[in-house]
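A.B. asks: The following block contains the structure, expressed as structure tokens.
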């Protein structure tokens, strides 16, 4: 059976992939003059990716808190973990709010055109940078500090 502290590293890949895919998808779609906020096929895919990224980010953040509690109960403390936790909270909040906005646009059939449509990939590129920064600190925790993996590796 999988340990509860290992659920976060599994889940965290979903919002990373969904949101980075969303940013690239919307950038390419807008460059091709497709409507990413309307009720078209492209708009549906875009809104779906936004909602999936927001929901999976909240789940990853929740289980990240659980993983940190387990690590701290075993004596782990690090400024890197605090930075990652703060970035994770911000990332989950941003992705969730963006999911709400995009879901609302899709539901209400809001279609952004012209210069306003460029705000969508601009927000998503900024969000992607936040996702990558958060992931960097998460990778540092695992690969440099061995949080929640060193004990498991020694147990085998």
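No lab work stands behind these numbers, since they all come straight from the coordinates. Computed from a prediction, not measured in an experiment: that's the story for all the values here. Note that each Cβ is placed from the backbone with ideal geometry, even for glycine, and that neighbours are counted across all protein chains shown.
A.B. asks: Taking other Cβ within 10 Å of each residue's Cβ, how do 22, 145 sort, fewest first?
C.D. replies: 145, 22
A.B. asks: In what sequence do 30, 83 fall when counting other Cβ within 10 Å, fewest first?
C.D. replies: 83, 30
A.B. asks: Per DSSP H run of n ≥ 4, the term is -39500 (n - 2.57); total these for the chain, divide by its residue number, and report the mean residue ellipticity at 222 nm rounded to 500 deg cm²/dmol.
C.D. replies: Taken over the chain, the calculation gives -24500 deg cm²/dmol.
A.B. asks: Right, next: Residue 115 to residue 14: FRET efficiency via 1/(1 + (r/R0)^6), r the Cβ-Cβ distance, R0 25 Å, to the nearest 0.05?
C.D. replies: It comes to 0.20.
A.B. asks: Between 0 and 90 degrees, rounded to the nearest ten: what's the tilt of helix 79-107 against the longest Cα principal axis of the chain?
C.D. replies: Roughly 30 degrees, rounded to the nearest 10.
A.B. asks: Can you give the angle from 0 to 90° between the axis of helix 119-139 and the longest principal axis of the chain, with both taken from C-alpha atoms, to the nearest 10?
C.D. replies: Here the helix axis deviates by roughly 10 degrees.
A.B. asks: In Å and on Cα atoms, what radius of gyration and Dmax does the chain show?
C.D. replies: 17.6, 58
A.B. asks: Specify the angular offset, from 0 to 90 degrees and rounded to the nearest 10, of the alpha carbon long axis of helix 41-73 from the longest principal axis of the alpha carbons in the chain.
C.D. replies: That works out to roughly 20 degrees.
A.B. asks: Using alpha-carbon positions, what is the distance between the centroids of segment 15-63 and segment 64-118, in Å?
C.D. replies: Centre-to-centre (Cα) distance: 14 Å.
A.B. asks: Same structure, new question: In nm, what is the difference between 0.36 nm times the number of residues separating residue 6 and residue 136 and their Cα-Cα distance?
C.D. replies: Contour length minus the Cα-Cα distance gives 45.0 nm.
A.B. asks: Thinking of segment 1-55 as a set of Cα atoms, what percent of all their pairs are more than 14 Å apart?
C.D. replies: Value for segment 1-55 (Cα pairs over 14 Å): 58 percent.
A.B. asks: Right, next: Take 140, 37 and order them by how many other Cβ atoms sit within 10 Å, fewest up front.
C.D. replies: 140, 37
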